[in-house]
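Please treat every number below as a calculation from the coordinates, not as lab data. These figures come from a predicted structure and were not determined experimentally. Glycine also receives a Cβ, built like all others from the backbone with ideal geometry; neighbour counts cover every protein chain displayed.
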Amino acid sequence: MIQVRDLHKYYGDLEVLKGIDCQISKREVVCVIGPSGSGKSTFLRCLNLLEQITSGQVVVNGHDLTDPKTDINLLRTEVGMVFQRFNLFPHKNVLDNIMLAPMKVRKKTKNEAREIALSLLDKVGLGDKADVFPHHLSGGQMQRVAIARALAMNPQIMLFDEPTSALDPELVGEVLAVMKDLAREGMTMVVVTHEMGFAREAGDRVIFMDQGVIVEESPPEQMFTNPQHDRTREFLSKI
Amino acid sequence: MEAGLNLDFIKAFESLPYLIQGLKTTVLIAVFGLLFGFVIGLAAGLARTSKNKALYAVSTVYVESVRGTPLLVQAVWLYFGVNQLLVQTLGFRLSSLNAGIIVIAVNAGAYIAEIVRGSIQSIDKGQEEAGRSLGLTRIQTFAYIIFPQALKRMIPPLGNQFIISLKDTSLLSIISVGELMRHSQEIVAVDFNAFEIYTLVAAVYLLLTLAISLVLRLVERRLG
């Protein structure tokens, strides 16, 4: 579902991704871990072209992202993204946050979009918050709305960029629970995270990145109990 | 002449109809000047955020040259200078009223452009990323997500600019626009009651700007 070959990314002269190769299959849940500055978020953001790809080949859901003829907006309707800082639209209530893209991009009627939004809000446990504005929600609630907003486009793949890093510790669980449900339903997911518990429980594979390269990738059990590389061992020992 | 205070506000109030006539012109210029100024400012402000180099260059030159020259100079340059050229080449001239509206519009437009640019650029980058990640186009993201939030932030500085521009219309008296200031000067020239008339005029400007402040406060409260 996602094929990445020799992906390089520069910011000016700084090379932040130094040749990433990676395959992700349908229904797979892949967790990307690594120290800050390792390029894991940049890697994730290349998968829906929030970052320009400097060189290499990235094919996501059949779209070749380095082909200038690729319809980026179409690709993005198929790839949902959840951000560390939620990025809800503060001038719109919860329902309108979720309904906007289905109406404007998918051309759903207001009633269709509302139905989708309400059922997704139920799914993330916020059925009673439809008319509330984001600033009245807790961080955990905001992130669940953001997940619902991304799901409203009925994406084939979901990208999560440190979805629980900005949350108070006691709110992390409710967001991870929603993500675990999603994983169980067979959503293809790429999750940049520091939540090793989640990686262990819901992940099919863990990728450890450092200094712009993939150092090691393996099933979670093996990654956490028997890492192959010194750098991985060192990182895991610190968290 | 006898020493001591010799004020006659009653007589000053007799000049009120003529002052109100000037006031109407002041309001007319302010309303049209700011209306056009807002349109110009919106366009120039958007151009200032544009990646298109030509748009950015033109709007930057506009903003800098208007901000960098006094309004009074802009007014006489247009009304006396440009009119001289117009008469020589095209055989017509701008009326003082039209010149006044243009000067206020172009002047306010430059400041409003900076307000527009600043408000748009103050919106968190994550908002645009969230919109684009959902498949919205750049224009849709701007129209539904960025601009509504920016507009809210524009209101306080826009109100400030409206007040400044309204007061600036008094400078148009120099190009013989028959607005409030000009009319008050004409009355004083005949009646020699400078203190009374200018006190009255100051009070009228204050009332106008207070009214704008009040309206803006209501709008701000409305938008919450």
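Remind me, what semi-axes does the range B:75-201 give for its equivalent ellipsoid, largest first in whole Å, using sqrt of 5 times each Cα gyration tensor eigenvalue?
43, 21, 8
Could you point to the residue in A:25, A:36, A:79 farthest towards the positive end of chain A's charge dipole, with +1 and -1 charges on the Cβ of Lys/Arg and Asp/Glu respectively?
Most positive-ward Cα: A:79.
Aspartates and glutamates near residue B:11 by alpha-carbon distance under 14 Å, same-chain residues fewer than 8 away left out - which ones?
B:191, B:196
Per residue and in Å³, how big is the convex hull formed by the alpha-carbon atoms of chain B?
Taking only Cα atoms, chain B has a hull volume of 163 Å³ per residue.
Which one of B:20, A:143, B:223 has its Cα pushed farthest toward the positive end of the charge dipole of the protein assembly as shown, where Lys and Arg give +1 and Asp and Glu give -1 at the Cβ?
Comparing the listed Cα positions along the dipole, B:20 ranks first.
Can you check what the net charge comes to around residue A:208, using other residues whose Cβ is under 13 Å from the Cβ of residue A:208 (Lys, Arg +1; Asp, Glu -1)?
Working: positive: A:40, A:205, A:231, A:233, A:238; negative: A:210, A:216, A:217, A:230, A:234.
Surrounding charge for residue A:208 is 0.
Size of the dipole of chain B about the Cα centre, Lys and Arg at +1 and Asp and Glu at -1 on the beta carbon, nothing else charged, in debye to 20?
Dipole magnitude for chain B comes out near 1180 debye.
To the nearest 500 deg cm²/dmol, what mean residue ellipticity at 222 nm is calculated for the protein assembly as shown from DSSP H runs of n ≥ 4 alone, each contributing -39,500 (n - 2.57), summed and divided by the residues?
It comes out at -17500 deg cm²/dmol, rounded to the nearest 500.
Please give the peptides A:179-186, A:142-149, A:26-33 ranked by average Cβ packing (other Cβ atoms within 10 Å per residue), highest first, as a rough proxy for protection.
By packing density, highest mean first, the sequence is A:142-149, A:26-33, A:179-186.
Can you give the three extents of the C-alpha atoms in the range A:1-103 along their principal axes, from longest to shortest, in whole Å?
41, 30, 29
Highest mean first, what order results for B:204-214, B:122-132 on Cβ atoms within 10 Å?
Per-residue Cβ counts within 10 Å, averaged per peptide and sorted highest first, yield B:122-132, B:204-214.
Please give the charge dipole size of the range A:1-87, origin at the Cα centre, charges +1 on K and R Cβ atoms and -1 on D and E Cβ atoms. Round to the nearest 20 debye.
Taking the Cα centre of the range A:1-87 as origin, the dipole is about 280 debye.
For the range B:25-33, what does the Karplus curve 6.51 cos²θ - 1.76 cosθ + 1.60, with θ = phi - 60°, yield as ³J(HN,Hα) per residue in whole Hz, taken in order and with x for Gly and Pro?
Each residue of the range B:25-33 in turn: 5, 4, 5, 4, 5, 4, 5, 6, x Hz.
How far apart, in nm, are two points set 7 Å out from the Cα along the Cα-to-Cβ line at residue A:69 and at residue B:20?
7.3
From the alpha carbon gyration tensor of the range B:1-134, can you work out the equivalent ellipsoid semi-axes (sqrt of 5 times each eigenvalue) and give them in Å, largest to smallest?
Numbers: eigenvalues 333, 106, 37 Å².
Sorted largest first and rounded, they come to 41, 23, 14 Å.
Using the Karplus curve 6.51 cos²θ - 1.76 cosθ + 1.60 with θ = phi - 60°, what ³J(HN,Hα) values do you get for each residue of the range A:155-172, in whole Hz, with x for Gly and Pro?
Per-residue couplings from phi come out as x, 8, 9, 10, 9, 10, 9, 6, x, 10, 6, 9, 9, 4, x, 6, 9, 5 Hz.
Could you state, as a whole-number percent, how many of the C-alpha pairs of the range A:158-239 are farther apart than 20 Å?
Result: 34 percent of Cα pairs exceed 20 Å.
Skipping prolines and chain starts, which residues have an amide H placed within reach, meaning under 5 Å, of the one on residue A:17, given they are 5 or more residues away or on another chain?
The answer is A:9.
Taking each residue of A:135-142 in turn, how many C-beta atoms of other protein chains fall within 10 Å of its C-beta, and what is the average?
0
Using 24 Å as the Cα-Cα cut-off, could you pick out the over-long pairs in A:104/A:129; A:92/B:152; B:53/B:152? Please report the intermediate quantities before stating the final value.
Numbers: A:104/A:129 22 Å; A:92/B:152 13 Å; B:53/B:152 28 Å.
From the list (A:104/A:129; A:92/B:152; B:53/B:152), the Cα-Cα distance tops 24 Å for B:53/B:152.
For chain B, with the dipole built from +1 on Lys and Arg beta-carbon atoms and -1 on Asp and Glu ones, taken about the Cα centre, which of B:143, B:89, B:7 lies farthest toward the positive end?
The listed residue farthest towards the positive side: B:143.
Applying the Karplus parametrisation 6.51 cos²θ - 1.76 cosθ + 1.60 with θ = phi - 60° to the phi angles of the range A:198-211, what ³J(HN,Hα) value in whole Hz is obtained for each residue in order, glycine and proline being reported as x?
Values per residue, Gly and Pro as x: 5, 4, 5, 7, 10, x, 8, 8, 10, 10, 9, 10, 8, 6 Hz.
Name the lysines eligible as straight-distance cross-link partners of residue A:123: C-alpha to C-alpha under 16 Å, and not fewer than 8 places from it in the same chain.
A:180
Let me know the volume per residue of the alpha-carbon convex hull for chain A, in Å³.
125
Averaged over peptide A:82-92, how many Cβ atoms belonging to another chain are found within 10 Å of each residue's Cβ?
5
What's the average, rounded to a whole number, of partner chain beta-carbon atoms within 10 Å of each residue's beta-carbon in A:65-78?
Partner-chain Cβ atoms within 10 Å, mean over residues of A:65-78: 2.
Identify the chymotrypsin sites (Phe, Trp or Tyr not before Pro) of the range B:49-146 meeting these criteria: DSSP loop state and at most 11 other C-beta atoms within 10 Å of the C-beta.
Values: sites: B:56, B:62, B:77, B:79, B:80, B:92, B:111, B:142, B:144; in loops: B:92.
Passing both the DSSP loop test and the Cβ count: B:92.
What size of dipole, in debye to the nearest 20, comes out for chain A about its Cα centre when the only charges are +1 on Lys and Arg C-beta atoms and -1 on Asp and Glu C-beta atoms?
700
For the range A:62-123, just list the percent of Cα-Cα distances falling in each 5 Å bin from zero outward, please.
4, 15, 20, 23, 18, 11, 7, 2
Determine the distance separating the Cα centre of the range B:158-223 from the Cα centre of the range A:13-78; give it in Å without decimals.
59
When only C-alpha pairs under 8 Å and at least 6 residues apart count, what is the relative contact order of chain A, in percent?
27
Give or take rounding to whole Å, what are the principal axis extents of the alpha carbon atoms in the range B:173-224, in descending order?
Largest to smallest, the principal-axis extents are 50, 24, 10 Å.
State the percent of C-alpha pairs, over all pairs in the protein assembly as shown, separated by a distance greater than 34 angstrom.
Everything past 34 Å amounts to 52 percent.
Which pairs in the list A:110/B:125; A:108/B:125; A:9/A:108; A:26/A:69 are over 31 Å apart, alpha-carbon to alpha-carbon?
Checking Cα-Cα distances, A:9/A:108 exceed 31 Å.
Mind pulling the angle between the C-alpha long axis of helix A:94-104 and the longest principal axis of chain A? Nearest 10 degrees, somewhere in 0 to 90.
Between helix and principal axis, roughly 80 degrees.
State the antiparallel share, in %, of DSSP beta bridges confined to chain A, rounding to the nearest 5.
Antiparallel bridges make up about 55 percent of those DSSP assigns within chain A.
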